[in-house]
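Heads up, the thing below is written out as structure tokens.
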Amino acid sequence: MNPLVEFNLTLLLFLPWFAILGVLFWVYPRRPRGVRRVLYDLVSLAVSVVAFLVSIYWAQTSADPVHGHMWQQILATAVGYGVFLAVLGAAFVLRLSLLRPRD
């Protein structure tokens with residue numbers, strides 16, 4: 001396998017699922033929808049993807065090769081998915097309190 005593809009395999013496999021989660025994050029809740037919300041959502045999604053990339057590359061380089069070459073991909077997948085969901089979930093909860101409609 002091409003080393004570049006192998007190193008980014010986790011990203012390639014998760015892109016469709018992250019696209020679905022990103023669209024759901026973007027769409028719900030439907031209100032309020034303004035410039036602040038759009039900017040917040042863009043930054044949140046970008047931070048989630050960057051945190052995912054940093055975590056998978058860290059996991060691949062930190063995995064113990066004694067357990068086999070596949071262990072690097074397994075660890076990177078588990079860590080990366082958890083980090084992506086944690087950052088996106090925290091952004092969702094924070095968005096509810098920060099962008100609450102003002103009376």
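The values are calculated or read from the model by the stated rules, or taken from the named source; none is laboratory data. Because the structure is a prediction, the values reported are computed rather than measured. As a convention, Cβ positions derive from the backbone with ideal geometry for all residues, glycine included, and neighbour counts pool all protein chains shown. Quick note on the areas: whole protein, heavy atoms, side chains included, nothing else; ligands and nucleic acids left out. Shrake-Rupley method; radii C 1.70, N 1.55, O 1.52, S 1.80 Å.
Details
- Other residues within the sphere of radius under 13 Å centred on the Cβ of Trp26, judged by their own Cβ, net out at +3 (K and R +1, D and E -1).
- Charged-residue dipole, Cβ positions (Lys, Arg, Asp, Glu), the chain about Cα centre, Debye nearest 20: 820 debye
- Cα-based Kirkwood hydrodynamic radius, the chain, one decimal, Å: 14.9 Å
- Cα shape, region 9-50, gyration tensor, a/c 1.5 rule: oblate
- Ordering Leu12, Leu88 by accessible surface, largest first, gives Leu12, Leu88; the 1.4 Å probe counts only protein heavy atoms, with every chain in place.
- Positive-end residue, the chain charge dipole about Cα centroid, Cβ charges, pick of Phe84, Gln60, Leu42: Leu42
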